[in-house]
Amino acid sequence: MPRPPHVPIVLALAVALLAPLLAAGPARAASERIEALIARMTLEEKAGQLNFETADWSQDRGLYMSEETEDRLRRGLVGGLFNIHARGVARRAQEIATRETRLGIPVMLGYDVIHGYDTVFPMPIGQAAAFDLERVERSERIAAIEAIGDGVNMTFSPMLDTSRDPRWGRTAEGAGESTWWATEIGRARVRGFQTADPRDPTGIAACPKHLGANGASKGGLDYTAMEISERELREVHLPPFRALVDTALCFMAAFNTYDSVPVAANPFILRRILREEWGSDAMVMSDFGALSELERHGVAETDADAAEAGIRGGLQMDMASTFYLAELPGLVRAGRVPAALLDEAVRAVLTLKERMGLLDAPFARFEASEGRTETSPAPHRAEAQDFAERSLVLLKNEGDVLPFARSVRSVAVIGPHADAKFEMLGSWFGRGVFSRPVSLAAGLADLLGPGVDLRIVPVAAFEGATGDETRAAVTAARGADAVILAIGEAAGMSGEAASRTDIDLPGRQMDLVRAVLAEGRPTAAVVFGGRPVAMEALAAEAPAILKVWFPGTMGGTAVARLLFGDVEPLARMPVSTPRSVGQIPVHHDRLPSGRPAIKWPDVYSSNYLDRPTTPLFPFGHGLTWTRFEFGEPAVDVRRLTDDAPVSVTVPVRNAGDRPGTAMVQLYLRSRFAPISRPVMMFRAFERIRLAPGEAGTVRFRVSADQIAWWQAGDRFAAAPGPIDVMTGPSAGEVRTVRIDYMP
Ligand code: BGC
């Protein structure tokens, strides 16, 4: 007797509300060969196509396929393999799939390629700080080329979650707090991975993640429930995904709930929004084991319930739980799941394989990477260095401590990051450990040569220095021409499942900082971290601060070159830096208050008693080697219509005595509208390089779509009304000109 269906209450409600969407929709047009394949497949083979299982790994054998996995593969029960990073295993899997199975359907071979593969680029948040889409795209091109060498043909990247809480470790993997910037970065990353043609054998299929508001993390925790408004979902979290509907072949559903239903089984997101409204035909992959997590979320009692909820909700491929494989054939036979729903998902998986060229040429990527001799060749490392140099944010530089003069005779480099190699890579480094990252000490030694007395004082623990270490640090700093404090978070303090309640410098690092600063030498703090480290005390006490995120394989070289002025600081903060965790959420695009905090302290305004509401460093902040004056923005016309954008010009002058590059930022606000709109929204930036004393002008184009807000369904539009156009060097320092939107 088949079990009666058990659908717990929450899911039942969602199902009832969305009943019309839950029947398998009309079959999407798939190629004839796909339909012919589906017609020949058994229920088990169909469920097998939806099964994305993990390859095995052990200390002695490295990556391998167990006999059980090989057996399932041979029987057509595996649609793709995860965690592939070895050419031999990948090739063998593809040979079994195409030559030893009944239907010869190739497998996807997936790996998380997050910020490089053999050559590691800066952590994504650092890449976002570079504000350079060309380099983002090139880094993914290189990552794809390196990854295909190991047999990878698909990646679970880019991560496009708009981060709303820096306690959340995954802030490190995204583009920061601006939805617009995450959208631009997402496009560039997908182009880099896939090229313009997803069949290109030098590319890999991208699977942007995590669709469904993962960045709305509550309390900064991973894997939690999110209760946000539909407006926040649509305006803050979904736009980067919406922008990829024509190019992404796959989306990964987020772990979190939305409106109390986990996204992995959420028909509102996976069916209504993705399919009905956006018209997307991308395949939807679960996050790792997300189907099994439906039970722990309390929306499925058994594995079969979870499989049913997933397939009805619109989830097509099951990463790592094997519930689809184990349960779907039985569910279809028992009449609990319509056969058409299973076919719909199989069609999506096969269509993905067709679109990425696998059905026609399953070995094309192996052929394209045949005979490679080096995993991380010099040109790739040069790109990584160049990108790292552009990701470093100069937060503070009192008295022009930086850049240090090349004439120095002695340099002390102190702290847990002083000579750390693998820490350079950050939390998700692909195969980068094998490419020997350059430590800061090594980068400095190389740059300064043997004539400089380089005093390296590593500190073993990130929680603080021992007495001996502190004494050695003070001795090294004494009389040094330049002192570098290499401090901040360890690589493992951000990334997945790496949230922190305290996001200031870890442990007792400030004690070491104070002991060294007391020597009174020219000192710069180099702060590592995958999030905006709060550093209120450091910002008050250290004269110079360089935020370096995790700069990757060539990090040590890049940071050394910037500290000694061989390169200029071009990066800006893609996130606001809170003064204290108590201020969170703190982001530039917040909604206005009825009693805004104009000054601090103040009474009866939206203020804290103990600290201002403003961030320590605002979004967009970053200094240069010179000083710029940003003038008033001017507009060509005051009326913005749907057809005619407004041209905005901003005068900039280099008021310092060194050449430099200014980055002018544009923010917009619908000043009065039927609904309350964010106080500012980052929408564009322009750079201008100016000689000392030179003045120039940058130009922006403001169009109506930049201020549009969510109306209904997939429709975004603005209402007529005044708009504040704000320009300046950061979100914390803008000048305003008002225009009127009259469509
Ligand atoms: C993460 C995903 C990742 C997957 C596979 C999950 O835990 O949330 O971002 O792609 O694991 O590694």
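The values are calculated or read from the model by the stated rules, or taken from the named source; none is laboratory data. Model, not experiment: these values are computed from the prediction. Positions of Cβ are generated from backbone atoms using ideal geometry, with glycine treated the same way; all protein chains shown enter the neighbour counts. In case anyone asks, the SASA skips ligands and DNA or RNA and just uses the protein heavy atoms, side chains included. Shrake-Rupley method; radii C 1.70, N 1.55, O 1.52, S 1.80 Å.
Suppose the filter is of a type outside the set (D, E, K, R), in contact with a Phe, Trp or Tyr (Cβ under 6 Å, 6 or more places away or on another chain) and closer than 30 Å to G582 by Cβ; does L395 pass it?
Working: of a type outside the set (D, E, K, R): yes; in contact with a Phe, Trp or Tyr (Cβ under 6 Å, 6 or more places away or on another chain): yes; closer than 30 Å to G582 by Cβ: yes.
Here the answer is yes, as L395 does meet what is asked.
Here's a check for you: in segment 245-266, which residue that is open to solvent by 10 Å² or more (accessible area, probe 1.4 Å) and under 30 Å from D197 (Cα atoms) is farthest from the ligand (Cβ to nearest atom)?
In this case the residue turns out to be D246.
Report every pair of residues separated by at least 6 positions or lying on different chains whose Cβ atoms are under 6 Å apart, first residue within segment 51-68 and β-branched (V, I, T), second open to solvent by 20 Å² or more (accessible area, probe 1.4 Å).
T54/N83; T54/A320
Which residue pairs have Cβ atoms under 9 Å apart, sit 6 or more places apart or on different chains, and have a first residue in segment 284-297 that is within 21 Å of I273 (Cβ to Cβ) and near the ligand (Cβ under 8 Å from one of its atoms) and a second that is open to solvent by 30 Å² or more (accessible area, probe 1.4 Å) and part of a helix (DSSP H, G or I)?
Taking only residues 6 or more apart or on different chains, the pairs are D287/E293.
Check R102 against each of (1) part of a helix (DSSP H, G or I); (2) touching a residue at least 40 places away in the same chain (Cβ under 8 Å); (3) of a type in the set (D, E, K, R) and name the one condition it does not meet.
(1)
If A216 satisfies all but one of (1) within 16 Å of the ligand (Cβ to nearest atom); (2) under 27 Å from A144 (Cα atoms); (3) of a type outside the set (F, W, Y), what's the number of the condition it fails?
The failed condition is (2).
Residue under question is A477, and the condition is that it be open to solvent by less than 50 Å² (accessible area, probe 1.4 Å) and within 30 Å of G215 (Cβ to Cβ); does it hold?
Working: open to solvent by less than 50 Å² (accessible area, probe 1.4 Å): yes; within 30 Å of G215 (Cβ to Cβ): no.
Answer is no for this residue.
Would you confirm whether or not segment 451-459 contains a residue that is touching a residue at least 60 places away in the same chain (Cβ under 8 Å) and not acidic (D, E)?
No, every residue in segment 451-459 fails to be touching a residue at least 60 places away in the same chain (Cβ under 8 Å) and not acidic (D, E).
I'd like the full set of residues that are among the β-branched types (V, I, T), under 29 Å from the mean Cα position of the chain (by Cα) and under 30 Å from W710 (Cα atoms), limited to segment 642-695.
V664, V679
Do the conditions hold for V152, that is, is it assigned to a loop (DSSP other than H, G, I, E, B) and aliphatic (A, V, I, L, M)?
Considered against the rule, which asks whether it is assigned to a loop (DSSP other than H, G, I, E, B) and aliphatic (A, V, I, L, M), V152 comes out as yes.
What are the pairs, 6+ residues apart or on separate chains, where a residue within segment 521-534 that is open to solvent by less than 10 Å² (accessible area, probe 1.4 Å) has its Cβ under 9 Å from a residue that is part of a strand (DSSP E or B) and basic (K, R)?
From residues that are open to solvent by less than 10 Å² (accessible area, probe 1.4 Å), the pairs are A525/K396; V526/K547; V527/K547; F528/K547; G529/K547; P532/K547; V533/K547.
Go through (1) farther than 23 Å from E230 by Cα; (2) open to solvent by 20 Å² or more (accessible area, probe 1.4 Å); (3) part of a helix (DSSP H, G or I) one by one and return the number of the condition F193 breaks.
Tallying (1) farther than 23 Å from E230 by Cα; (2) open to solvent by 20 Å² or more (accessible area, probe 1.4 Å); (3) part of a helix (DSSP H, G or I), F193 fails exactly one: (2).
Here is a list of conditions, (1) open to solvent by 10 Å² or more (accessible area, probe 1.4 Å); (2) within 30 Å of G582 (Cα to Cα); (3) touching a Gly at 6+ places or on another chain (Cβ under 6 Å), and G169 meets all of them except one; can you say which number that is?
Of (1) open to solvent by 10 Å² or more (accessible area, probe 1.4 Å); (2) within 30 Å of G582 (Cα to Cα); (3) touching a Gly at 6+ places or on another chain (Cβ under 6 Å), only one is false for G169: (1).
Quick one: is S376 hydroxyl-bearing (S, T, Y), part of a loop (DSSP other than H, G, I, E, B) and either surrounded by 22 or more Cβ atoms within 10 Å (Cβ to Cβ) or out of contact with any Cys (no Cβ under 8 Å at 6 or more places or on another chain) (or both)?
yes
Which one of G371, G357 is open to solvent by 30 Å² or more (accessible area, probe 1.4 Å) and on the phi > 0 side of the Ramachandran plot? Give the derivation first.
Values: G357 fails: open to solvent by 30 Å² or more (accessible area, probe 1.4 Å).
Sole residue among the options that is open to solvent by 30 Å² or more (accessible area, probe 1.4 Å) and on the phi > 0 side of the Ramachandran plot: G371.
Are there any pairs, at least 6 apart or on different chains, whose C-beta atoms fall under 8 Å, with the first in segment 143-161 and among the charged types (D, E, K, R) and the second more than 11 Å from the ligand (Cβ to nearest atom) and part of a helix (DSSP H, G or I), and if so, which?
E146/H380; D150/R87; D150/A90; D161/A182; D161/G215; D161/H237
Yes/no per residue for (1) open to solvent by 30 Å² or more (accessible area, probe 1.4 Å); (2) of a type outside the set (S, T, N, Q); (3) within 23 Å of R336 (Cα to Cα):
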{"site": "A36", "(1), (2), (3)": "yes, yes, no"}
{"site": "A47", "(1), (2), (3)": "no, yes, yes"}
{"site": "E53", "(1), (2), (3)": "no, yes, no"}
{"site": "Y64", "(1), (2), (3)": "yes, yes, no"}
{"site": "V89", "(1), (2), (3)": "no, yes, no"}
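Among the listed residues A172, A188, identify the single one that is within 16 Å of the ligand (Cβ to nearest atom) and either over 12 Å from the mean Cα position of the chain (by Cα) or touching a residue at least 12 places away in the same chain (Cβ under 8 Å) (or both).
So the residue among A172, A188 that is within 16 Å of the ligand (Cβ to nearest atom) and either over 12 Å from the mean Cα position of the chain (by Cα) or touching a residue at least 12 places away in the same chain (Cβ under 8 Å) (or both) is A172.
Tell me, yes or no, whether segment 702-713 has at least one residue that is open to solvent by 10 Å² or more (accessible area, probe 1.4 Å), modelled with pLDDT of 95 or more and in contact with a helix residue (DSSP H, G or I) (Cβ under 6 Å, 6 or more places away or on another chain).
Yes, that holds for at least one residue.
Filter segment 580-594 down to the residues that are more than 21 Å from F682 (Cα to Cα) and either among the polar types (S, T, N, Q) or surrounded by 12 or more Cβ atoms within 10 Å (Cβ to Cβ) (or both) and list them by number. Walk me through how you get there before you give the answer.
To start, the set of residues in segment 580-594 that are more than 21 Å from F682 (Cα to Cα) comprises 580-582, 594.
S580, V581, listed by residue number.
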